[in-house]
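Just below is one structure, and these are the notes that go with it.
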Amino acid sequence: MAAKLLSRLRQLDTRLISPQHQRPFFRNARLFSGQQIPSSDSHPSLPPTPTPTPTPLPPPTAGSAGEKRQRTSSLKDHELAKFAAISDTWWDSEGPFKPLHAMNPTRLAFIRSTLCRHFSKDPNVPKPFEGLEIVDVGCGGGILSEPLARLGATVTGVDAVEKNIKIAHLHADLDPTTSTIDYVCTTAEKLVEEGRQFDAVMSLEVIEHVADPAEFCKSLAALTRPGGAVVISTINRSIRAYAAAIVAAEYILHWLPRGTHQWSSFLTPEELVMILKRSSIDVEEMAGFVLNPLTGKWLLSDDVSVNFIAFATKKAEG
Amino acid sequence: MYVGGLEKNRLPLPPPELASLSPSLLRAAARMNRLVVRRTLYSNHHPLKCSWKRGFCSGGEAAAAAASSASSGQLNLEDRTFAGDDQPYDLAIVGGGMVGMALACSLATKPLTKHLKVAIIDSNPTLANKLSIKREDPPDPRVSTVTPATISYFQDAGAWQYVQQHRHAFFDKMQVWDYTGLGYTTYDARDVNKDVLGCVVENRVLHSSLLSRIEDTDVQKTIYPSRLASMIRYPSSSVKADDNTWEASYMKAGLVKLEMSDGSSLCTKLVVGADGAKSQVRNLAGFKTTGWNYSQNAIICTVEHSVANHTAWQRFLPDGPIALLPIGDNFSNIVWTMSPKQASDLTVMNEDEFVKAVNQAMDNGYGPHPKSNFSNGSNKFSFLGGNLTMSTNESFEVPPKVVKLASKRAAFPLSLMHANDYVAKRIVLIGDAAHAVHPLAGQGVNLGFGDAFTLSRIIGEGVAVGTDIGEVSLLRKYEAERKPANIAMMAVLDGFQKIYSVDFGPLNVLRAAAFHAANYISPLKRGIISYASGEQRLPIFP
Ligand SMILES: Cc1cc2nc3c(=O)[nH]c(=O)nc-3n(C[C@H](O)[C@H](O)[C@H](O)COP(=O)(O)OP(=O)(O)OC[C@H]3O[C@@H](n4cnc5c(N)ncnc54)[C@H](O)[C@@H]3O)c2cc1C
Ligand SMILES: C[S@@+](CC[C@H](N)C(=O)[O-])C[C@H]1O[C@@H](n2cnc3c(N)ncnc32)[C@H](O)[C@@H]1O
């Protein structure tokens, strides 16, 4: 299904999306999916979405082509405050970040196989990523950064929340292999300004929390060396994702504090492919995560309707 | 590995004569010995560019330092200096018995785990100075019946070739019968389309084969020739579970420190308790166990025949079963279950009388031979819908006579023990430390090997995705795989025990019927054999 989806997307012409459509594009679920959105009226205890978000839209990026546009930060203050509030619990595998812990082996299996193939690394060694420089944008407490370091990569972890970086730093120091991770409290945009580039750029479960996904993807693209790779994972803006991520995770299971997710800022796989393409990043492989409710295990599948992960590449120069 | 290094560098352990010296001298010798070899290892294998917090693992002061910095709310991140000896181990295997060494061997021979830094803690001297077992030595009475599943694990790890260089006995037939003369059953490897049902190997052969295989590899292993005395886990009791400060999270993610009885200590990401039924790791971790003693003992010994034996025999007597297992050449091993009183009588009686008692027990003592197959046998149970198998038509046989006792007799109490948990953060139990079964069906070590090879595979899966191998979520995968398998086998063995340890008197006919049923209903029998031979399928019966 994911493969079909990709080929369908490749046929889509990016010109379809005219500049004036860019903004509403991310706010309009019906553009791609025509699904009925349930009314939240009858469920006062449920989150206020999925009616269009009450948060103000970021300022339009309508600057003229020649003008050096002021870099809008991808930060969304109230989103960051949510993470700062629970940052002490990053490494509590039964705490609010339980889903990330549970999904970690599965998403790393995806990253391992795609990166090994792309960079022609032998997957049959304990440290296949030796020699690769990887940045983990929105690293949080380092749930992804640490395994990447154990797999041999030279890892830079960045997060906009100072407290997260502190926790990440302390935790990584417990193990000589992960104590080499370079954790910095900064943003993707600032790294771009510093002219930093990496072989691979990871940003998992972050894009749904940023103010301007298109701008954010542009930064990720700029951080990627030509011929390098980008991996992004996020939650789909589908009804099933709405039910699974928000209602179940935040309201029923109390995995996540209420308000962690804002449904309207989710991207569909189609939208992600489009915005990456506009930053000259081509999505080559996409997979969905599905949870087996009986075993509590996450599996990779071609069902991208709830959580999905995309592997993309940047063209080599010349 | 350290042992290999020892041999290469000619740095033997303190020789036996040192045993008469003072304990502190011995300790110093052991420490020096370890340090010297570890240093060679480090220069060989460690680029040592990694920075690591000094002192964290090198003594009680580390915990104190951590605690004090926790209270001051600040940890000095700059205090990171190189300190090779403080590098934590990836794994510390406490107990280098058959199961512990099987884990070490499997890890050492797999591409994703051979780089792991492993410590083995055991005072057993054969770990450092491998036994040289000669072909002509009489067999040791401690033997194991290894199942085809165990054999393929050994082959996979490259250790079976070493077993083959020593005495071992494959058997393809098993005859089980009852003293009342009412029933018998024969299991044949052909019933399950296999060449063999199992192989009987001396424990010391299995152990030294695993060691030999580890020595073939150039992996890094360090042996601490001592015993585990204490284990300090973070969070220590001073950190409250609901304390969510980042200082506490530092403690919560902390490693385990092991202290040995010779005063040495180490720090590790994962402690593997492979230290047998009286596991110290299990006790120190506070894991509860469920278990009971059967007021029965088993006598084990080696006996000699005048001809070679190729069948495993088991006969149920009024006080428990006696088993005669081939172990190669003209030798067999005996496991004979009885009341503690009888056991002590039989262990002290003179050898000739004992041999006579064994022959009686295996032949027509206590009751007649079962009659040959009933002509209507297959019809009798046909309502249960089985097909006939080849061995159904095999007739009852009398086991070969024992002519001589070939070892000491030893008696062991029978018991069953199961740990309620196998894993906690940074702690995992394998082998008898997690479950001890009575030797009745010779399954004990097979379950342990199943644990060891499964854990090795799961650690490999964790390494593949960069997981901290002490993470409880990873270890739970191991527990989820092994616990049901072990419990099922224990239930079967316990059932066996319950059925056959009591003399039902007239009800013996039911037991005999059960034998007949087992003999005639082949799908069922296949189930029993495949379970007994290590394929994980639960028989619906006995
Ligand atoms: C009489 C008898 C007959 C048996 N017959 C069979 C059979 O036919 N087939 C079969 O499959 N199984 C049989 N078993 C069971 C089998 O022997 C065990 O299942 C097997 O030995 C378990 O191996 P292990 O490595 O887990 O533990 P063990 O073999 O008990 O090894 C534990 C190791 O840990 C070490 N150790 C203990 N405490 C510490 C400490 N504090 N610090 C450091 N090291 C420590 C010990 O020195 C030892 O080397 C029998 C058992 C008995 C008692
Ligand atoms: C759901 S967590 C994901 C953490 C980590 N990537 C993982 O998957 O384990 C989202 C993280 O993104 C960070 N974040 C959100 N917006 C960001 C931005 N614009 N720039 C950098 N980090 C951001 C948050 O602070 C938070 O730590």
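The values are calculated or read from the model by the stated rules, or taken from the named source; none is laboratory data. Note that the structure is a prediction, hence the values are computed from the model and not measured. Reconstructed Cβ throughout: ideal geometry from the backbone, glycine too, with neighbour counts over all protein chains shown. Protein only, heavy atoms only, side chains kept; ligands, DNA and RNA dropped before computing areas. Shrake-Rupley method; radii C 1.70, N 1.55, O 1.52, S 1.80 Å.
Anything losing 20 Å² or more of accessible area from the isolated chain to the full protein assembly: pick those residues out of the range B:97-131, probe 1.4 Å, ligands and DNA/RNA ignored. Checking the loss per residue gives B:Pro111, B:Leu112, B:His115.
Give the value in nm², to one decimal: projected area of the alpha carbon convex hull of the range A:67-158, averaged over all directions.
Result: 8.1 nm².
Interface residues of the range A:104-134, defined as those with an accessible-area decrease of at least 40 Å² between the chain by itself and the complete set of protein chains (probe 1.4 Å), are A:Pro105, A:Arg112, A:Asn124, A:Pro126.
Peptides B:222-229, B:347-354, A:285-292, B:301-308: what's the order by average Cβ count within 10 Å, highest mean first? Walk me through the intermediate numbers first.
Numbers: B:222-229: 21.2, B:347-354: 12.2, A:285-292: 19.1, B:301-308: 17.4.
Output ranking for B:222-229, B:347-354, A:285-292, B:301-308: B:222-229, A:285-292, B:301-308, B:347-354.
When the accessible areas of B alone and A alone are added and the area of the pair subtracted, with a 1.4 Å probe, the result is around 2400 Å², both sides summed. Figure note: B:Ser339, B:Ser132 ranked by solvent-accessible area, largest first, 1.4 Å probe, ligands and nucleic acids not counted: B:Ser132, B:Ser339.
Counting only other chains, what is the mean number of Cβ atoms within 10 angstrom of the Cβ of each residue in peptide A:169-181? Show your work: numbers first, answer last.
Numbers: counts 3, 7, 6, 1, 9, 13, 9, 11, 5, 2, 6, 3, 0.
Average neighbour count from other chains, rounded to a whole number: 6.
Couplings 3J(HN,Hα) for the range A:219-234, derived from phi with the Karplus relation 6.51 cos²θ - 1.76 cosθ + 1.60 (θ = phi - 60°), are 5, 4, 4, 5, 7, 8, 5, x, x, x, 10, 10, 10, 10, 10, 6 Hz, where x marks Gly and Pro.
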